[in-house]
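For reference, the structure is listed below as structure tokens.
The values are calculated or read from the model by the stated rules, or taken from the named source; none is laboratory data. Remember, it's a predicted structure, so these values are computed and weren't measured experimentally. Every residue, glycine as well, gets a Cβ built from its backbone with ideal geometry; the counts of neighbours run over all protein chains shown.
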Amino acid sequence: MNITLPMRVWFAELLRRRPSVGIAALAALLLLSASLGHEGLRVPQMLLLALPGLIWLRWPVRSPPWRRLRLFGVALLLGVFLLDGFLRAYLRQRYGAVPDSTLVLTAAANTSPREALEYLMAQGAQWWPGLVALLLALGLLLGLVRLASQQPPRPLGTGSRWLWLGLLLLCCVAHASKPWRRHHPVAFWPHWAVSVETLRMNWSDQSRQRELLLEQARASGVRALGAESSTVVLVLTDSVNRDNMSLYGYQRETTPQLQALSREEGARLLVLPHAWSVQATTVAALDGLFSFGGSMAAQPGSAAPAPGHILALARAAGYRVWWMSNHDDLAIEQQHAQLADTVEMINREPGRSSSMLDGELLDSLEEALADRSAPRKLIVLHLLGAHPHYRLRAPEALRPFEQGGDAVEREMQRQQRPVWLREQRQDYDAVIHYHDGVVAETLRMLRRHVPAGGEAAWMYLSDHGQEVGHSIDHAGHSPGTEAGYRIPAMLWRTPQAFAPGSGQQPFRADWTGWTLAELLRIEWPGMEPARNVLDPRYRWEAPQLPIGEVDFAR
Ligand SMILES: [Zn+2]
């Protein structure tokens, strides 16, 4: 005897009297799958995006063909949401990664259908419980949709009419918002497939480009001078504005550890007082920073051939190069990171919602510093720094400026900055405070690992600045104001101290390669000492920024 039959009869009777029970059960099922695959606010967003299916089910539909169409349409739509939740849950559980992370995109682009099948066969034991759960959930969903859509149409009471109208409105808002709509599985997965395909196509290009850069570097005649062993650490951060560092005179004490190091180290540590980026966004800034002003191809009007990429030059001169990063960015990985011998990307979530703290990279740094496989080492540490969202860049408990009421707060009040912006500034300064500890620790670690009888150097700078109510009512990247370009830059080396008075002229981040070459003690014909801020022949040239007249010595 089929024992599910009486259950179904009972449930059908319940639905006949209370049609919303079936819809509530469906909503619960969707909530379960959304919370398996998504986190935080994204969960209710996904429910709102799935809402049209539920609203359609409750709509009194009379004509049988329409009801059949509804059954099909709703089952398909809600089924897609269920699949989305389960697939994401699988990726998260297995790899700790979201589908559009570099890890997953790269793996997908790297895999042929045959390999994918082999992988699934080999991993069978890992995923079959999930598959069974998914099939059960899909069966339950289908059954619920069928039962709900078989009910005779019942008109809505006044109360529930308003309720459903309210839900419909919320659902319209969800679909109107582009950042929400992007996560609709029907939009997300086709876009994901296109990303994978584009990546696959770009790869052949990018790896050829990297081969060319390495070849060009080998042919440049580059060579290493100086001691047999040398360790250079480049700490490249994101979105840090020097105006928010007490090291640079900010009124909130945001950088006590760097200041302490500065006092301890004296002439070995150089703070560049007037450092500027020439780009206000990451990818463009890094392009210039690593390739001597973005001159991947020869600059128009310049007689000198393009110097290429500083990482390629370092390798050609005998350096072993590490790239360790808390960014999850395909372009950066392909254009720069993959030029290194060892690449370590610890972050599995792209974009601003990523919550991995920079301090997580310190273990990797320690490992690279302790590595004895090469006498010459260049270690690039790419931090998320103070990239929005600020609240995700420091531990939740660290909020030293939340009290407000200090000189910074008063100044912002005087400038009539709104409350939300003053709060953003408090969060931003808290991030700088956390960042101070991470950056200072990288230098302290390097000091413990200076090769015996060799040299060591350290450079710290930000890719670009950040506007947090410095001159306008805005928090974020800012190509249109000075705050978008005002960056910190610091240099340290041993045993040779810096010449007194060096680095006092303005410095531009797209000339970093020239200064880094000096710290690496590498040399090739056609170098431009006029662009190395440490060289006595240094000659400042103001960059063209889209912000009008700028006093670069400020
Ligand atoms: Zn950036």
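Can you spot a residue in segment 162-173 that is of a type in the set (Phe, Trp, Tyr), without any contact (Cβ under 8 Å) to a residue 12 or more places away in the chain and away from the ligand (no atom under 16 Å from the Cβ)? Within segment 162-173, one or more residues are of a type in the set (Phe, Trp, Tyr), without any contact (Cβ under 8 Å) to a residue 12 or more places away in the chain and away from the ligand (no atom under 16 Å from the Cβ).
Only one entry of Ala133, Ala148, Ala137, Ala174 meets the criterion of being touching a helix residue (DSSP H, G or I) at 6+ places or on another chain (Cβ under 8 Å), within 29 Å of Met356 (Cα to Cα) and not basic (Lys, Arg), and that entry is Ala174.
Quick check on Tyr485: is it within 26 Å of His274 (Cβ to Cβ), in contact with a helix residue (DSSP H, G or I) (Cβ under 6 Å, 6 or more places away or on another chain) and within 16 Å of the ligand (Cβ to nearest atom)? Write out each step before concluding.
Numbers: within 26 Å of His274 (Cβ to Cβ): yes; in contact with a helix residue (DSSP H, G or I) (Cβ under 6 Å, 6 or more places away or on another chain): no; within 16 Å of the ligand (Cβ to nearest atom): yes.
No; evaluated as a whole, the condition is false for this residue.
Restricting to helices (runs of 4 or more DSSP H) lying wholly in segment 129-229: which have 2 or more residues that are among the polar types (S, T, N, Q) and within 28 Å of Gln335 (Cα to Cα)?
Working: elements: 158-176, 178-181, 185-219.
Answer list for segment 129-229: 185-219.
Being over 26 Å from Val283 (Cα atoms), touching a residue at least 24 places away in the same chain (Cβ under 8 Å) and away from the ligand (no atom under 16 Å from the Cβ) is a property that holds for Gly453.
Okay, residues lined up against (1) surrounded by 14 or more Cβ atoms within 10 Å (Cβ to Cβ); (2) without any contact (Cβ under 8 Å) to a residue 60 or more places away in the chain:
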position: Ala107; (1), (2): yes, yes
position: Leu117; (1), (2): no, yes
position: Trp127; (1), (2): yes, yes
position: Leu131; (1), (2): no, yes
position: Leu135; (1), (2): no, yes
position: Gln150; (1), (2): no, no
position: Arg182; (1), (2): no, yes
position: Ala193; (1), (2): no, yes
position: Met201; (1), (2): no, yes
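Of the numbered criteria (1) part of a loop (DSSP other than H, G, I, E, B); (2) under 21 Å from Tyr319 (Cβ atoms); (3) within 30 Å of the chain's Cα centre (by Cα), the one Gln544 fails is (2).
Looking at Glu344, is it away from the ligand (no atom under 16 Å from the Cβ) and assigned to a helix (DSSP H, G or I)?
On the way: away from the ligand (no atom under 16 Å from the Cβ): yes; assigned to a helix (DSSP H, G or I): no.
It is false that Glu344 is away from the ligand (no atom under 16 Å from the Cβ) and assigned to a helix (DSSP H, G or I).
Looking only at segment 372-387, filter to residues that are in contact (Cβ under 8 Å) with a residue 24 or more places away in the chain and either of a type in the set (Phe, Trp, Tyr) or surrounded by fewer than 22 Cβ atoms within 10 Å (Cβ to Cβ) (or both); which one of those is nearest to Ala224 (Cα to Cα)? First the steps, then the outcome.
Within segment 372-387, the first condition is being in contact (Cβ under 8 Å) with a residue 24 or more places away in the chain, and the residues that meet it are 373-387.
Retained after the next criterion (residues that are either of a type in the set (Phe, Trp, Tyr) or surrounded by fewer than 22 Cβ atoms within 10 Å (Cβ to Cβ) (or both)): 373-375.
Numbers: Ser373: 18, Ala374: 14, Pro375: 12 Å.
Top of the filtered list is Pro375.
Answer yes or no: is there a residue in segment 521-539 that is at pLDDT 95 or above and under 30 Å from Val408 (Cα atoms). For segment 521-539, residues at pLDDT 95 or above and under 30 Å from Val408 (Cα atoms): absent.
Residue by residue, here is whether (1) aromatic (Phe, Trp, Tyr); (2) assigned to a loop (DSSP other than H, G, I, E, B); (3) closer than 28 Å to Ile332 by Cβ holds:
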{"residue": "Pro395", "(1), (2), (3)": "no, yes, yes"}
{"residue": "Glu402", "(1), (2), (3)": "no, yes, no"}
{"residue": "Glu409", "(1), (2), (3)": "no, no, no"}
{"residue": "Leu446", "(1), (2), (3)": "no, no, yes"}
{"residue": "Gly453", "(1), (2), (3)": "no, yes, no"}
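The residues of segment 318-366 that are of a type outside the set (D, E, K, R) and more than 24 Å from Leu199 (Cα to Cα), listed by number, are Gly318, Tyr319, Val321, Ser355, Met356, Leu357, Gly359, Leu361, Leu362, Ser364, Leu365.
Residues are listed down the side, and each one gets a yes or a no for (1) within 17 Å of Asp243 (Cα to Cα); (2) surrounded by 22 or more Cβ atoms within 10 Å (Cβ to Cβ):
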site	(1), (2)
Gln413	no, no
Asp429	yes, yes
Gly437	no, no
Ala440	no, no
Glu455	no, no
Asp463	yes, yes
Ile472	yes, no
Ser478	yes, yes
Tyr485	yes, yes
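Being in contact with a helix residue (DSSP H, G or I) (Cβ under 7 Å, 6 or more places away or on another chain), under 17 Å from Asp238 (Cβ atoms) and either more than 16 Å from the ligand (Cβ to nearest atom) or of a type in the set (A, V, I, L, M, F, W, C) (or both) is the filter here; which residues of segment 379-395 pass it? Passing the criteria: Leu381, Leu383, Leu384, Ala386, Arg391, Ala394. Looking across segment 335-368, the residues that are crowded, with 18+ Cβ neighbours inside 10 Å and at pLDDT below 85 come down to Asn347, Arg348, Glu349, Pro350, Ser354. Among the conditions (1) in contact with a Gly (Cβ under 8 Å, 6 or more places away or on another chain); (2) in a loop (DSSP other than H, G, I, E, B); (3) within 16 Å of the ligand (Cβ to nearest atom), the only one that Pro479 does not satisfy is (1).
Apart from one condition, His327 fits all of (1) touching a residue at least 60 places away in the same chain (Cβ under 8 Å); (2) more than 11 Å from the chain's Cα centre (by Cα); (3) more than 24 Å from Ala374 (Cα to Cα); the exception is (2).
Taken over segment 250-288, residues that are surrounded by fewer than 19 Cβ atoms within 10 Å (Cβ to Cβ), closer than 22 Å to Asp551 by Cα and within 16 Å of the ligand (Cβ to nearest atom) amount to 1. Here Arg537 clears all of (1) under 30 Å from Gln424 (Cα atoms); (2) free of Cβ contacts under 8 Å to residues at least 12 places away in the same chain except the condition numbered (1). Among the residues of segment 494-517, is any modelled with pLDDT of 95 or more, within 16 Å of the ligand (Cβ to nearest atom) and assigned to a loop (DSSP other than H, G, I, E, B)? No, the conditions are met nowhere in segment 494-517. Can you find even one residue in segment 459-470 that is of a type in the set (D, E, K, R) and more than 14 Å from the ligand (Cβ to nearest atom)? No, every residue in segment 459-470 fails to be of a type in the set (D, E, K, R) and more than 14 Å from the ligand (Cβ to nearest atom). Do we have any residue at all in segment 291-299 that's within 16 Å of the ligand (Cβ to nearest atom) and either modelled with pLDDT of 90 or more or closer than 29 Å to Ala260 by Cα (or both)? No: zero hits. Where helices (runs of 4 or more DSSP H) sit wholly within segment 1-101, those with at least 1 residues that are modelled with pLDDT of 90 or more and closer than 25 Å to Leu147 by Cα occupy 19-37, 42-58, 64-95.
Checking segment 396-407 against the condition returns a match, with at least one residue being on the phi > 0 side of the Ramachandran plot and either within 16 Å of the ligand (Cβ to nearest atom) or modelled with pLDDT under 95 (or both).
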